[in-house]
């Protein structure tokens, strides 16, 4: 067996190997296999370089083409497209909105229309950070329109910071900043905003902005929509849950504002949440098709019960009241309300526009619209022109008062300068009396002396007179220095 | 030993043939993506990074880090001042949203959609389907066609994005048969439900980048392929073609067509007087003998020989095919599910749009065709 094995090997045996007949050392077969492996390696190298050349050639010819389809052997005609999802399926019965949305992971769309709101943004973001509703379930949508200040850059900066927050509980869901200018000529300052004449057209423009924001941001996965003004100063952190718990289609809290003490400390702010009255309905019938009734102005006396005036600071915050018009400061509504088509009429809908018209339309479609009279949030106090005028008057009064005070002091000083202090008078009188007494004594003495001497008396008498004059001048100086010190 | 020897014998000719084959394959592979790269680039550019994005754009799936942590979605700016709707929608790359309330799926409808010559990468389709047995069947049929088109169909035919929604309320009528559907007393409830479906679909899919909204009923089976371009060319806020139906005349046994949609009309004195005498919750209906309105119906204005671009002003519009500038809907014009000036659904929509300052136009000689049951 052994010799034959050696023979088939085809290599001459060395003498050493012959000695170790049964050696099965692996080295022995190396020389035979080595050239084949080398050849294969060389071939592999040749093929690789060929492929590289072809690839380079390909890239040279089609510089724009991606390598991906080549690597995937063309199984997908475009690699990127394969990764893109183009079909979405939503079941709207899963997004109806329930009383305990945070447990069922219901998503909320938070809408905030902004115009020249730079000064309020930081305060608003403070509120955002404090919301207790899970942030990742809240999508934020802002509409920035016709702003002349730094609203947009500041908003982007604050949002970027919020989304990059270290705390995993801070970042929100989808964030959209929508820029759209409506070319509004209406100013946002307090006076023009609340003047009666400007109300109707202003409300229609506001409504338009709200509709654009909602229609661009509402998605099929939203269960709730929350409208919030950025100039709310104080609100409970749990407001979303608090309002949601009532499980109503549309719900608003009461909105008040703090006032300076001279104005009574606090005041109802949002007068757009009200219940319909017979008077108002009768009034509406008499008005032109395009007329808009706005609340809170003497021009239209509607005698409606306002949510704002029904507040009792110690009342049950869960108490509900059915309302017909709603204010827009803080509205929580089920998304299905907006899906059904309820929006903020930018025309006169049943003689109302914007949020009041929204309430009316929701009612028209048989949705529940509710206000919470004793659950209050506080709007920022911005002094109105009247208030500013009043405050200016108060400032003037204060200055006048101060001047008066100063004048009084001045007068007192003058009086004191003109009339000497009675103390010094007394002092003077006292010294005078003493001097008198001393003189008397001296007289008696001199009399006695005169009686004693009789012959030489005229010399001593002339000595006493200068002494008297000296004492008098001393008292005078003392009285002079006293009022001067007081005036200082 | 065999393979080793054959390798050794490789002849240079084989290598050359291999190289040539390789080049041919590469050419074949790279051809499609280089030919319509603008379209696919647009697709890629419009893709959003997460599924919460506006549904009118495709999205990439990953929104979790490798360690399972949620990546917060980015802050996205939408410049709506730049969203235009002009008479040259293709040239200005304007996006179109085609909305269809779907009760029954017709293959002809889908084929007609695929035939539309408007660039498909600018079209988003959205459907709303009731949650009942018929709806489930329609959804299944629709999804099958969608998969065929979007996954394995030619890239040119693929739409930018497709949204399927299931309605959150029951349709008021069990039967969708034509006779039952058109009974007068059923009309109000049916059309109110239809309005809700339309509004739900519209306001959840409109998004910030849509320029045009095309309402197309699921039973419209034939339109000119250039429907969108033709209608948009008129540059009107609301524009309606005339909806007809093809049928085989039982007497002459010949193909013929008849008007189908009577909701596009010009108002009449009689109709206004009728409305004035009605209660707040009553609705005026068109096409019923019991209620003669004497309105001028666009359906009867069609003239074979006249110019297809002829325009007529309208006061009420039908929804079988309806092209609307997105800003009309954004301003708040919706389909009232309640009697609005005694009008409901698409007719109420035209009225609401008018209250907002947008007028409606009809094209009596430009026809689309309804399915014949």
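The values are calculated or read from the model by the stated rules, or taken from the named source; none is laboratory data. Remember, predicted model here, so these are calculated numbers, not experimental data. Counting neighbours? That spans all protein chains shown, and the Cβs are built from the backbone with ideal geometry, glycine included.
Look at region A:338-359 and say how many of its residues are in contact with a strand residue (DSSP E or B) (Cβ under 6 Å, 6 or more places away or on another chain) and more than 11 Å from chain B (Cβ to nearest Cβ).
Going through region A:338-359 one residue at a time, the tally reaches 2.
If residue B:33 satisfies all but one of (1) within 11 Å of another protein chain (Cβ to nearest Cβ); (2) modelled with pLDDT of 70 or more; (3) over 30 Å from residue B:133 (Cα atoms); (4) surrounded by 20 or more Cβ atoms within 10 Å (Cβ to Cβ), what's the number of the condition it fails?
Only one criterion is unmet by residue B:33, namely (2).
As an exercise: evaluate residue B:103 against (1) part of a loop (DSSP other than H, G, I, E, B); (2) touching a helix residue (DSSP H, G or I) at 6+ places or on another chain (Cβ under 6 Å) and give the number of the one condition it does not meet.
Here residue B:103 clears every test but (2).
Kindly indicate the residue of region A:145-163 that is modelled with pLDDT under 90 and surrounded by fewer than 16 Cβ atoms within 10 Å (Cβ to Cβ) and also farthest from the other protein chains (Cβ to nearest Cβ) among those meeting that condition.
The selected residue is A:149.
I'd like to know if region B:65-83 contains one or more residues that are exposed (fewer than 13 other Cβ atoms within 10 Å of the Cβ) and in contact (Cβ under 8 Å) with a residue 24 or more places away in the chain.
For region B:65-83, residues exposed (fewer than 13 other Cβ atoms within 10 Å of the Cβ) and in contact (Cβ under 8 Å) with a residue 24 or more places away in the chain: absent.
Within region A:246-277, take every residue that is closer than 24 Å to residue A:342 by Cα and over 25 Å from the mean Cα position of the chain (by Cα) and give me the one that is surrounded by the most Cβ atoms within 10 Å (Cβ to Cβ).
A:274
Hey, any hits in region A:295-315 for a residue that's part of a strand (DSSP E or B) and in the same structural domain as residue A:234 (by TED's automatic domain parsing)?
Yes.
Of the residues B:159, B:169, only one is under 26 Å from residue B:227 (Cα atoms) and either within 13 Å of chain A (Cβ to nearest Cβ) or assigned to a helix (DSSP H, G or I) (or both); which?
Answer to the selection: B:159.
Which condition from (1) surrounded by 24 or more Cβ atoms within 10 Å (Cβ to Cβ); (2) in contact (Cβ under 8 Å) with a residue 40 or more places away in the chain; (3) within 20 Å of residue B:332 (Cα to Cα) is the one that residue A:291 breaks?
Among (1) surrounded by 24 or more Cβ atoms within 10 Å (Cβ to Cβ); (2) in contact (Cβ under 8 Å) with a residue 40 or more places away in the chain; (3) within 20 Å of residue B:332 (Cα to Cα), residue A:291 violates only (1).
Anything in region B:308-319 that is surrounded by fewer than 24 Cβ atoms within 10 Å (Cβ to Cβ) and assigned to a loop (DSSP other than H, G, I, E, B)? List them, or say none.
Listed by number, the residues that qualify are B:308, B:309, B:310, B:311, B:315.
Suppose we filter region A:417-433 for residues that are surrounded by 12 or more Cβ atoms within 10 Å (Cβ to Cβ), part of a helix (DSSP H, G or I) and in contact with a helix residue (DSSP H, G or I) (Cβ under 9 Å, 6 or more places away or on another chain); how many remain?
7
Return a yes/no flag: does region A:318-337 have any residue that is modelled with pLDDT under 90 and touching a strand residue (DSSP E or B) at 6+ places or on another chain (Cβ under 6 Å).
No, every residue in region A:318-337 fails to be modelled with pLDDT under 90 and touching a strand residue (DSSP E or B) at 6+ places or on another chain (Cβ under 6 Å).
Does residue A:414 meet the test of being assigned by TED's automatic domain parsing to the domain that holds residue A:305 and either part of a helix (DSSP H, G or I) or within 17 Å of residue A:274 (Cα to Cα) (or both)?
No: the conditions fail for residue A:414.
Return a yes/no flag: does region A:347-368 have any residue that is under 22 Å from residue A:238 (Cβ atoms), assigned by TED's automatic domain parsing to the domain that holds residue A:283 and in contact (Cβ under 8 Å) with a residue 40 or more places away in the chain.
Yes, there is a match, as at least one residue in region A:347-368 is under 22 Å from residue A:238 (Cβ atoms), assigned by TED's automatic domain parsing to the domain that holds residue A:283 and in contact (Cβ under 8 Å) with a residue 40 or more places away in the chain.
Quick one: is residue B:336 surrounded by fewer than 23 Cβ atoms within 10 Å (Cβ to Cβ) and within 25 Å of residue B:218 (Cβ to Cβ)?
So residue B:336 fails the test.
Has region A:134-144 got any residue that is out of contact with any helix residue (DSSP H, G or I) (no Cβ under 9 Å at 6 or more places or on another chain) and either part of a helix (DSSP H, G or I) or modelled with pLDDT under 90 (or both)?
yes
Just to be sure before I move on: is residue B:58 within 9 Å of chain A (Cβ to nearest Cβ), surrounded by fewer than 21 Cβ atoms within 10 Å (Cβ to Cβ) and touching a strand residue (DSSP E or B) at 6+ places or on another chain (Cβ under 6 Å) in the structure I sent?
Considered against the rule, which asks whether it is within 9 Å of chain A (Cβ to nearest Cβ), surrounded by fewer than 21 Cβ atoms within 10 Å (Cβ to Cβ) and touching a strand residue (DSSP E or B) at 6+ places or on another chain (Cβ under 6 Å), residue B:58 comes out as no.
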